[in-house]
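Inspection log for the structure reproduced underneath, given as structure tokens.
The values are calculated or read from the model by the stated rules, or taken from the named source; none is laboratory data. Predicted, not measured: the structure shown is a model, and the values here were computed from it. Here the Cβ positions follow ideal geometry from the backbone for every residue, glycine too, while neighbour counts run over all protein chains shown.
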Amino acid sequence: MPYPDIRFCRLCGTPTQQRIPPMEDRLRAVCPACDYVDYINPANVVGTVPIWHGEPDGPRILLCLRNIEPRRGYWTLPAGFLEYGETAEAGAARETMEEAGARVEIEGLHAVYDVVHAGQVHLFYRARLLDLDLAPGPETIENRLVRIEEIPWGELAFRTVRAATRAWVDDYTAGEQVMHTASITPTG
């Protein structure tokens, strides 16, 4: 993702100039009229790895079939952009409700993925489904609870979703929960 070209000041509308502000180390969009410096920061994407533990043959992972681009028609974990004024945990629970109609209890941070080329940081939380009263929202075609051996690996929408799901499966298999981090780079 190219660095955003900020041409006008958000505060006063004056055309900005690219310059290195005092005590800084890189070019920024700076307003020559009011001295506002426009800092461009990554967007936070928050989501859950929602698990149903109510079956005798093992846990089920809740997946959502995307009804929007990018990657419409592919499976994903419920996730989306963090809103201003909410915690990352609250945002992850909200996204899970919006996309899957699922009520969850957040059980801790599971994974953090730097997606530098997209200007994003993805945070996934472990979450326990509180019930099976699921109702996909408008961004979701359908929800599906799958056993580990039923995960459609080749049909998962994003590399961060694959990484978070794989990490959860590995943790479950090992009988431990650890925090995962990685940088996701663009493919060739």
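May I ask you to say which residue of V146, V116, V121 is under 12 Å from G47 (Cα atoms) and β-branched (V, I, T)?
Working: V146 fails: under 12 Å from G47 (Cα atoms); V116 fails: under 12 Å from G47 (Cα atoms).
Testing whether each residue is under 12 Å from G47 (Cα atoms) and β-branched (V, I, T) leaves just V121.
Among the residues of the range 82-110, how many are surrounded by fewer than 22 Cβ atoms within 10 Å (Cβ to Cβ) and under 22 Å from E155 (Cα atoms)?
2
Residues are listed down the side, and each one gets a yes or a no for (1) out of contact with any helix residue (DSSP H, G or I) (no Cβ under 8 Å at 6 or more places or on another chain); (2) touching a residue at least 60 places away in the same chain (Cβ under 8 Å):
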| residue | (1), (2) |
| --- | --- |
| D35 | yes, no |
| L62 | no, yes |
| L65 | yes, yes |
| T76 | no, yes |
| L82 | no, no |
| H117 | yes, yes |
| V121 | yes, yes |
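Give the residues of the range 33-57 that are modelled with pLDDT under 95 and on the phi > 0 side of the Ramachandran plot, sorted by residue number.
none
If only one of T87, T76 is over 20 Å from G137 (Cα atoms) and assigned by TED's automatic domain parsing to the domain that holds A135, which one is it? Can you show your working first?
Numbers: T76 fails: over 20 Å from G137 (Cα atoms).
The unique qualifying residue is T87.
Conditions first: (1) farther than 12 Å from G101 by Cα; (2) in contact (Cβ under 8 Å) with a residue 60 or more places away in the chain; (3) surrounded by 14 or more Cβ atoms within 10 Å (Cβ to Cβ); (4) within 19 Å of the chain's Cα centre (by Cα). Y172 passes all but one, so which condition is the exception?
With (1) farther than 12 Å from G101 by Cα; (2) in contact (Cβ under 8 Å) with a residue 60 or more places away in the chain; (3) surrounded by 14 or more Cβ atoms within 10 Å (Cβ to Cβ); (4) within 19 Å of the chain's Cα centre (by Cα) applied to Y172, the lone miss is (4).
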